[in-house]
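Trainee: So that we are looking at the same thing, I have put the structure below in structure tokens.
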Amino acid sequence: MNKLEFKDYGLTIKLTPFINIIGGPGSGKTMLLRMLINNVYNPNIYLDEVKVLDLDLTFKKQNIAACLDLKFNTSSVKEELVYYQEKCGIDIKTIFDNLDRFSAFFNLEELINQKVSALNIYDRALIRILSLLIIKPKILGIDNLFTYLDLEQKTRIIKFAKEQKITILNITSNSEELLLGIDIIVLDNHQVKAYDKTKAVLSNEKLLASVGFDLPFVVNLSNGLKYYQVVDKEYYDIKSLVGALWQ
């Protein structure tokens, strides 16, 4: 899979591993994902030139998914991680092989046998995302749930997505998450205001301000230091910035 088109938005997305989607209230961010999974009908979405509505249902279940909320289908973590695998027709041996690998990779040993009702909101968000990630969809939308995770969990999910050639479409209101992605899509009134590489969008403070976003802390800090000629360029991670200060 190479590209995803939302013709009503005038948007053609190149399916890179991690894409952030931002915009003000009512800009159409959540609607984008709801239309993608046919939660809201839209006949004008295409995947590699093929209308998504015309794709085989089994193919869509396996390859296109979205986490829109913290609602669960079962009462336990283990059952939840099995649920969508069964819906996709994955055989029982593969299901539990996946479960073992996921538990080890994402350090779920303390969560795997818990009831969903016993989880805090941070662990609920993690399990909700992993319940769909485990089926290895080619496109996974996440609607403002990534922000509940710590940096290690986010990094592991992105690493897994890259290895499995999964595109994550991450709707976020957290400016720090913008540094994790390859591209940023800025929406306004259900239209694309900008779609570019992360550094290019972050260099446009006026654009970010127009949708209620501040710069990530390290970028804002390096801009201030650049103004006072302490450093000579913008920095996008704290390690590089500290290194420049100590040169």
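Trainee: Calculated from DSSP H runs of 4 or more alone, at -39500 (n - 2.57) each and per residue, what is the 222 nm mean residue ellipticity of the chain, nearest 500?
Mentor: -11000 deg cm²/dmol
Trainee: Cut-off 10 angstrom, C-alpha nodes, Gaussian network model of the chain. Which of 119, 130, 33 fluctuates the most?
Mentor: Result: 119 has the largest fluctuation of those listed.
Trainee: Give me a comma-separated list of calculated 3J(HN,Hα) values for the range 174-191, in order, Karplus coefficients 6.51, -1.76, 1.60 applied at θ = phi - 60°, integers in Hz, x for any Gly or Pro.
Mentor: Once θ is set to phi - 60°, the couplings for the range 174-191 become 9, 4, 5, 5, 4, 6, 7, x, 7, 10, 10, 10, 10, 10, 8, 6, 6, 9 Hz.
Trainee: Convert each backbone phi in the range 107-123 into a coupling constant with the Karplus relation 6.51 cos²θ - 1.76 cosθ + 1.60 (shift: θ = phi - 60°), then list the ³J(HN,Hα) values in order as whole Hz, x for Gly and Pro.
Mentor: Taking θ as phi minus 60°, the curve returns 6, 9, 3, 7, 9, 4, 9, 8, 7, 4, 5, 8, 7, 7, 5, 5, 6 Hz for the range 107-123.
Trainee: Please give me, ordered by residue number, the trypsin sites (Lys or Arg not before Pro) of the range 1-97 that lie in loop per DSSP and have at most 16 other Cβ atoms within 10 Å.
Mentor: 71
Trainee: Tell me, what is the percent relative contact order of the range 41-167, built from C-alpha pairs under 8 Å that lie six or more residues apart?
Mentor: That works out to 32 percent.
Trainee: Could you state the angle between the C-alpha long axis of helix 92-105 and the longest principal axis of the C-alpha atoms of the chain, as a value from 0 to 90 degrees rounded to the nearest 10?
Mentor: The helix 92-105 is inclined about 30 degrees to the chain.
Trainee: Using alpha carbons only, what's the Rg to Rh ratio of the range 1-82 with Rh from Kirkwood?
Mentor: Over the Cα atoms of the range 1-82, Rg/Rh equals 0.99.
Trainee: Search the structure for amide H atoms under 5 Å from the amide H of residue 193, placed 1.01 Å from N in the peptide plane, and list their residues when 5 or more places away or on another chain.
Mentor: Residues meeting the amide H criterion: 186, 187, 188.
Trainee: Rounding to the nearest 10 and keeping the result within 0 to 90°, find how far the Cα-based axis of helix 217-227 lies from the longest principal axis of the chain.
Mentor: Between the helix axis and the principal axis of the chain, the angle is about 10 degrees.
Trainee: While we're here: On C-alpha positions alone, give me the angle between the axis of helix 77-87 and the longest principal axis of the chain, in degrees, nearest 10.
Mentor: On a 0 to 90 degree scale, this one is about 70.
Trainee: Please identify the GluC sites (Glu not before Pro) of the range 1-87 that satisfy two criteria: DSSP loop assignment and at most 13 other Cβ atoms within 10 Å. Which are they?
Mentor: 49
Trainee: Please report the relative contact order for the chain, taking Cα pairs under 8 Å with a sequence separation of at least 6, and give it as a percent rounded to a whole number.
Mentor: Worked out over the chain, it gives 25 percent.
Trainee: Over the range 3-198, one equal point on each Cα, no solvent: what is log10 I(q)/I(0) by the Debye formula at q = 0.10 Å⁻¹?
Mentor: Debye curve over Cα of the range 3-198, log10 I(q)/I(0) at q = 0.10 Å⁻¹: -0.40.
None of the figures in this text is laboratory data; all of them are computed from the coordinates on show. On a predicted model such as this, the values are computed, not experimentally measured, just so you know. Reconstructed Cβ throughout: ideal geometry from the backbone, glycine too, with neighbour counts over all protein chains shown.
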